[in-house]
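Notes to accompany the following structure.
The values are calculated or read from the model by the stated rules, or taken from the named source; none is laboratory data. This one's a predicted model, so the numbers in the text were calculated from it and none came from an experiment. In this analysis, Cβ positions are derived from the backbone assuming ideal geometry, glycine residues included, and neighbour counts consider all displayed protein chains.
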């Protein structure tokens, strides 16, 4: 299943259905899909996953909230309701009798799905534990009675329909673990998912611990885990642990009902595709980890899942800084219903695009140091839309484009978290967006210099005309269709229509609309972070993608089928029309570029991969050193200054390099 953003002009006839608020609307041409195991063991909870989608498998994220009634022979079977959140949801059911079971799922009067489950005799099941010594394939139902280790160069394969029952505990951190040093492959299908769950309805198992190995789970249900070693935010155990540069991929899967957090990662690569993470203390907490999250949901992170019921740090996802050459991207996703921040960042560089972030008790997005880009997203029903903080001499940067922030008390905030620090510089760059606040709310608040918050071609309730802002802004109400019903489409007479940057047009050829529900915008070649411009940020992002050996086709700018330095050359030479050395991207390599890069002070420093294009990295290796100067001058693009600007001489360049090196040594950075 995939999801898409509904654009202006795509209104369809809608039919009402029952929801938690009893007021939501749905498109009539959708269907309710049901994903559940084909068999069950009496007394062991079974996960039921439902989605509202069209004929192409696209989940309708406009289906804000709804309750799916589950029944068998007319009797309700779910202890907890199956709540659809933006078109997707799940719950656990327990079947006690060892008889064939008919399950009916109904959404209002218009949507119905049915399936059959067959009982399994669990009296004499095969067991498995200890260290595997050879490649192993599991089919059917197997009990994992103690910790299971997959050594290096060994593969454990879980066939479609497999059910792993892991020994659990009623409390503590000693639930059964699967340790992955080699490879774990779970090959479920939509009709026959693989399930990993606790063998006792009153206990929870431990974790899947990927320690330098690879775990790839497709159409897999992981539930009732988290009784594992505790730590990190919330001091709880995870259902997944990722470390030692391991790789974890979850595709078309569900992770639910976790006693602790969804995942704890200290290093590695995490891939989430069309996956639902729900009902846990908090979502993934990652550090030194690359993340690609696409078409995925994070829903219902709350203190009630904590082993002691503690409400604290119940974030949807917590993103510490990534390692060199790693990227963090969240796209086409939903993060909803959390008791703290929906997306919390700490020194990381994050790209968020086409994502709905809703119903966070605190902030939709929290930024601490680092750089966060938010494009084509919807941030609603939280206390604060985006809050950015800094420390020391940090320069956190937040960029927002074609995004709607609504039903909040503060839309944008630059916050001094502690004592005033004059060395912190917080910048915002907001374009083509809508900032809407509740009655008595404040659209823009800052504890720092207001001229560092740039807001242009956007709609907000009060004027913001500080230096660098005010161009193309509109003050007033956005005229959403029904914001109290979570319909943030624009009315036909909304001032946000055709009010975007004049040099950009949307699908119908008119000027770009403001906010999330704009018409589709034609892709700008080379705009890899989708902020509607091509600049040094895109060059740096491409270099990280090349060094990380990314398979993201967006980096294949020359359509060669490979992602390599030829794409880098294409971006610099063809798209930007310049060459190595042009640090300020003014189209000319001259003395001003050399002055800029040496003033940045990163020439042959001891910091690994800390330099980008504007700091002197002109060969895409993350460093500024003599090899970059060689590349720049060999390109033959250096421009001799006119009489009004002194020409830089080789002796001047050598002196600048020597002075910069001396500075590093005197400060202990060389």
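Overview of results
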| read-out | value |
| --- | --- |
| Region 155-171: number of residues that are surrounded by fewer than 19 Cβ atoms within 10 Å (Cβ to Cβ) and either within 31 Å of the chain's Cα centre (by Cα) or not assigned by TED's automatic domain parsing to the domain that holds residue 215 (or both) | 4 |
| Any hit, region 475-495, residues being touching a strand residue (DSSP E or B) at 6+ places or on another chain (Cβ under 8 Å) and under 19 Å from residue 531 (Cβ atoms) | no |
| Strands (runs of 3 or more DSSP E) lying entirely in region 383-471 (those with 2 or more residues that are touching a residue at least 40 places away in the same chain (Cβ under 8 Å) and touching a helix residue (DSSP H, G or I) at 6+ places or on another chain (Cβ under 7 Å)) | 404-415 |
| Test set (1) surrounded by fewer than 20 Cβ atoms within 10 Å (Cβ to Cβ); (2) out of contact with any strand residue (DSSP E or B) (no Cβ under 7 Å at 6 or more places or on another chain); (3) within 22 Å of residue 337 (Cα to Cα); (4) modelled with pLDDT of 90 or more - residue 62 fails condition number | (1) |
| Output for region 121-144, where each listed residue is more than 25 Å from residue 189 (Cβ to Cβ) and assigned to a loop (DSSP other than H, G, I, E, B) | 123, 124, 133, 134 |
| Per-region count, region 341-360, residues at negative phi, in contact (Cβ under 8 Å) with a residue 40 or more places away in the chain and not in a strand (DSSP E or B) | 1 |
| Residue within region 452-465 that is within 19 Å of residue 379 (Cβ to Cβ), modelled with pLDDT under 95 and surrounded by fewer than 19 Cβ atoms within 10 Å (Cβ to Cβ) present | yes |
| Region 481-508 residues that are over 20 Å from residue 407 (Cα atoms), paired with ones that are modelled with pLDDT of 95 or more and in a strand (DSSP E or B) (beta carbon under 9 Å, 6 or more apart) | 499/459; 499/474; 500/431; 501/431; 501/456 |
| Only one of 135, 174 that is outside the structural domain of residue 51 (by TED's automatic domain parsing), over 31 Å from the mean Cα position of the chain (by Cα) and more than 30 Å from residue 356 (Cβ to Cβ) | 135 |
| Odd one out for residue 548 among (1) modelled with pLDDT under 90; (2) buried (at least 20 other Cβ atoms within 10 Å of the Cβ); (3) more than 25 Å from residue 402 (Cα to Cα); (4) touching a strand residue (DSSP E or B) at 6+ places or on another chain (Cβ under 8 Å) | (2) |
| Residue list for region 558-567, restricted to those being in contact (Cβ under 8 Å) with a residue 24 or more places away in the chain and either assigned by TED's automatic domain parsing to the domain that holds residue 629 or crowded, with 21+ Cβ neighbours inside 10 Å (or both) | 567 |
| Check on residue 395, crowded, with 24+ Cβ neighbours inside 10 Å, farther than 16 Å from residue 317 by Cα and over 17 Å from the mean Cα position of the chain (by Cα) | no |
| Residues (buried (at least 17 other Cβ atoms within 10 Å of the Cβ) and assigned to a helix (DSSP H, G or I)) located in region 621-637 | 628, 629, 632 |
| Strands (runs of 3 or more DSSP E) lying entirely in region 276-338 (those with 2 or more residues that are in contact with a helix residue (DSSP H, G or I) (Cβ under 8 Å, 6 or more places away or on another chain) and buried (at least 19 other Cβ atoms within 10 Å of the Cβ)) | 276-280 |
| All positions within region 76-106 that are part of a strand (DSSP E or B) and more than 29 Å from the chain's Cα centre (by Cα) | 76, 78, 93, 101, 102, 103, 104, 105, 106 |
| Failed condition for residue 614, given (1) without any contact (Cβ under 8 Å) to a residue 60 or more places away in the chain; (2) under 30 Å from the mean Cα position of the chain (by Cα); (3) not in a loop (DSSP other than H, G, I, E, B) | (1) |
| Segments classed as helices (runs of 4 or more DSSP H), wholly inside region 505-602, with at least 2 members that are under 26 Å from the mean Cα position of the chain (by Cα) | 536-547, 565-569 |
| Region 224-234, residues that are modelled with pLDDT of 95 or more and crowded, with 24+ Cβ neighbours inside 10 Å | 224, 225, 226, 227, 228 |
